[in-house]
Amino acid sequence: MIISLYGPNVYLRQRRLRGIVAEFRKKYGSSGVESFDLAQPGTAAALMDFCRSQALFSPKKLAVASGAFAADDKELKNFLKEEIAEDADTIVVLNESIAPPPSYKSVLLKAKPNEKFEDLKEEELDDFIRKEAARLGVKLSKTAANELREKWGKNLWGITTDLEVLALGGRTAKSRTVPDFFPLINGLRYGDLRNKVLSLTYLLDGRSEDPTPVFNVLSAGTKNPRDLRRLAQYDFSVKSGGLEHEEALLDLALSVY
């Protein structure tokens, strides 16, 4: 089975992905869940091996794959069409920030579902704020909603974080105060998904930091062997023209599975 989630709206796309993964884990446990960054050398082969292998502790398998559209690997596309599309026991989720290339048209015809996540328009943003406030039990005046929109623009992570603070009885600043550099690096390194994305947003947008030094500082302070190997893979991909440092940082922030 193929599921396709794509588009620039990272917040809504990741929320949909988390829902899919959470539902799978609730039914079948976590042992059958793996993630694959197809910008890294050899990962397409690893994804195909995972899907073809026999699961030891789960009747089904779920693979979350990013970078498939950019890689545009012919063997992988044939594999998805011929082996995965009708396989009820194996799910491959294509999680992509860019639109699918024309060569993926025949693959996505078999995707169930195939969902596009665009950035919200003004009226959609207002609706999002109202619904999130209602979900969190926050009574939000029109003035307060406008202040949220002016403060965060289309940054749904920031809007939701402020609403969660209000739901807990806290108070939020009316304007964005940009934190210092190294606390943001720590947030990117150790935070949960929301903190990682917000830290990266502050670094690259709020502070206008160059992504290359950010990546280098992040790498220099990492001691965990697994994280070091992963950063080395990103570095190889950047140097070989597969990714930009900004893309590597975003992928790192979003990779939680």
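Each value in this text was obtained by applying a stated rule to the coordinates, not by laboratory testing. What you see is a predicted model, and the numbers here were worked out from it, not measured in a lab. Methodologically, a virtual Cβ is constructed for each residue, glycine included, from the backbone with ideal geometry; neighbour enumeration extends over all protein chains shown.
Using a Gaussian network model of the chain whose springs link C-alpha atoms within less than 10 Å, name the residue from 33, 64, 217 with the highest mean-square fluctuation. Comparing 33, 64, 217 in a Gaussian network model of the chain, the most mobile one is 217. In percent, rounded to a whole number, the relative contact order of the chain is 20, using alpha-carbon pairs under 8 Å and six or more apart.
A simple rule links phi to the HN-Hα coupling: the Karplus curve 6.51 cos²θ - 1.76 cosθ + 1.60 with θ = phi - 60°, which for region 220-231 gives 5, x, 8, 10, 5, x, 5, 5, 5, 5, 5, 5 Hz, with x for Gly and Pro. Once the Cα atoms of helix 181-190 and of the chain are each reduced to a long axis, what angle between those two axes, in degrees from 0 to 90 to the nearest 10, is obtained? Once rounded, the angle reads 40 degrees. Fully extending the segment from residue 182 to residue 52, taken as 0.36 nm per residue of separation minus the present Cα-Cα distance, adds 42.5 nm.
Think of each Lys and Arg Cβ as +1 and each Asp and Glu Cβ as -1; about the Cα centre, that makes the dipole of the chain roughly 840 debye.
Full extension of the segment from residue 45 to residue 142, taken as 0.36 nm per residue of separation minus the current Cα-Cα distance, would add 29.7 nm. When the listed pairs 121/196; 61/116; 61/239; 112/239 are checked against a 29 Å cut-off, the alpha-carbon distance exceeds it for 61/239; 112/239.
Reported value for the chain: 146 Å³ per residue, from the convex hull of its C-alpha atoms. Taking 8 Å as the Cα distance limit and 6 or more residues as the minimum spacing, I'd like the relative contact order of region 1-115 as a percentage. 45 percent.
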